[in-house]
Amino acid sequence: MPLDKTRIKRSFEKASDTYDTVAELQRSAGLVLLHSVETAALEGVLLDLGCGTGFLSSEILACSTPETLVVLDIALAMLKTTHRRLLNQSSVRCVCADAEYLPIAAQTFDSVFSNMALQWCRNLEAVFKDIRRVLKPNGRFVFSTFGSKTLYELKNAWASVDDFNHVNHFYSQAEIMQFLEQVGFKDIELTTTIYKPRYETVGLLMQSLKQLGAQQVIDGGRKSMMTKSVLQQMMTAYEVHREGDTIPATFEVINVITKV
């Protein structure tokens, strides 16, 4: 399913005020990611790619003193939230840009971090190639992203309603490994964790995704097709996964540590 970057940017702009209230999984994944790296990865000039509201940025600064921390996000409202969060940090520099078109000189960073942002990129192999470009020799690339098992319950529910792709495609572990190797990354460490938050209703799951800015996941870029009847059919189909008073939603989080 092609990603509409304009709609993605607009969705995250709207979600800047609600994101932190529903981003427990993203925070958990970010802490696991940060605690998996050695101290050397937190020194020098760093980039937080797709910083969102600045959670990972603030955690990096809480446990290290980098020379410079560049925080970058496509959504200006998100970046402004990060700026307010890190207002007293003199080492922080803010950049509003698309992760797929980095306005940054080659060999700028000692490490690049990205927590739960790269799944919104159209061409992940090209993104990896550009990240390698902006890393210094022996620079580290540390990131988390959603894997192919993510939201399979929602995909199955939609598949029972029509033949359209309503849910974003998430790359598999094998695809991510292949992309990294093809652009020249080495010493690739890849781990996966399955998270299964539970919701009382499918409607509350959908609301949570919307508050995260994941509008593309909710309607697949086809808002005009989201009639009440079609939506109700999907919700009814999702009920096959109900266990007691709640329904699950699977999120496969892939963590990667690699070097240039």
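Where a number appears in this text, it was derived from the coordinates with a stated rule and is not lab data. Keep in mind that this is a model prediction, so the values were computed, not measured. When we count neighbours, we look across all protein chains shown, and the Cβ atoms used for this are built from the backbone with ideal geometry, even at glycine.
Under a crude label model (7 Å from the Cα following the beta-carbon direction), how far is residue 7 from residue 96 in nanometres?
For the pair residue 7/residue 96, the computed spacing is 2.3 nm.
Would you calculate the volume per residue, in Å³, of the smallest convex hull containing every Cα atom of the stretch 29-79?
Values: hull volume 3.5 nm³, N = 51.
So the per-residue Cα hull volume is 68 Å³.
Evaluate the Debye formula for the chain with equal point scatterers sitting on the alpha carbons, no solvent, and hand back log10 of I(q)/I(0) at q = 0.07, 0.09, 0.13, 0.15 Å⁻¹, in q order, two decimals.
Listed by q, the Debye log ratios stand at -0.24, -0.40, -0.82, -1.07.
Going down the table (149/210; 155/228; 129/196), which pairs top 22 Å between alpha carbons?
Distance filter (> 22 Å) returns 129/196.
Once the convex hull of the C-alpha atoms of the stretch 1-113 is built, how many Å³ does it hold per residue, rounded to a whole number?
118
When the Kirkwood radius is taken over all Cα pairs of the stretch 75-187, what Stokes-Einstein diffusion coefficient follows at 10 °C and 1.306 mPa s, in µm²/s?
This corresponds to a translational diffusion coefficient of 98 µm²/s.
Relative to the present Cα-Cα distance, how much length would full extension add between residue 83 and residue 164 at 0.36 nm per residue of separation?
Taking 0.36 nm per residue and subtracting the Cα distance, the gain is 25.3 nm.
Starting with the highest mean, order 157-163, 185-191, 122-128, 55-61 by the number of other Cβ atoms within 10 Å, averaged over the residues of each peptide.
Highest-to-lowest ranking by the protection proxy: 55-61, 122-128, 157-163, 185-191.
What FRET efficiency would be calculated for the residue pair residue 129, residue 201, taking the C-beta separation as r and a Förster radius of 45 Å, to the nearest 0.05?
For R0 = 45 Å, the calculated efficiency reads 0.60.
Which number do you get for Rg(Cα) / (2.2 N^0.38 Å) in the stretch 148-214?
That ratio works out to 1.43.
From zero up to wherever the largest Cα-Cα distance of the stretch 117-179 sits, split into 10 Å bins and tell me the percent of pairs in each.
19, 43, 25, 10, 4
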